[in-house]
Amino acid sequence: MLRQTERKRKTNQNETEMSTEFTTPIVFFAMFFALVYGMAYLLIRKKERLALIAKGVDATIFDSAKSQPSSLKWGLLLVGIGIGILFGKLLTVYTSLAEELAFFSMICLFGGIGLIIYHLIANKFEGAERS
C-alpha cells in the first residue's frame with residue numbers, strides 16, 4: 001500500500017515537471033511577442049501623430065474612441081457569456097450534445113450577440129451626438 005502511494009506521488013511530480021517544461025517556452029514566446037507588438041504599435045502611433053502635427057491637423061480623431069462607453073461593451077459581453085453558460089448547461093442536460101461543444105458554442109454565440117447589441121447601441125449613441 002505504501003509503495004502504491006509513493007508511485008502516485010512520483011508520477012504526479014513527473015506530470016507537474018512535464019507541464020512546466022511545456023508551458024515555460026510558450027509563455028516566454030507569448031510575452032516576447034506581446035512586447036514586440038506593443039512597441040511597434042507605440043512607434044507607429046507616434047509616427048501618425050507626428051505626421052498629423054506636421055500637416056497642421058488636429059489629433060482629436062484618436063480621442064473619438066474614448067467617447068463610447070466601454071463599460072457597456074464589457075457588461076453586455078459578460079452578460080452574454082453568462083447566458084451562454086446557462087444555455088450550455090441546459091443543452092447538456094436536455095440533449096445528447098457533448099458538454100464541451102455545448103458550452104463553447106453557447107458562450108461564443110451569446111457573447112457575440114452581446115457585442116452586436118453593443119455595436120447597435122454605440123451607433124445610436126454616435127448618431128445622437130452628431131445631431
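General remarks:
- Among residues that are modelled with pLDDT of 85 or more, assigned to a helix (DSSP H, G or I) and over 24 Å from the mean Cα position of the chain (by Cα), LEU90 is included.
- Test for ALA59: is it among the hydrophobic types (A, V, I, L, M, F, W, C) and modelled with pLDDT of 85 or more: no
- Comparison of LEU115, LEU101, LEU52, LEU76 shows that the only residue that is hydrophobic (A, V, I, L, M, F, W, C), touching a Phe, Trp or Tyr at 6+ places or on another chain (Cβ under 8 Å) and surrounded by 10 or more Cβ atoms within 10 Å (Cβ to Cβ) is LEU76.
The values are calculated or read from the model by the stated rules, or taken from the named source; none is laboratory data. For clarity, every value in this text was computed on a predicted model and none was experimentally measured. Because the Cβ atoms are built from the backbone with ideal geometry, glycine has one as well, and the counts that use them run over all protein chains shown.
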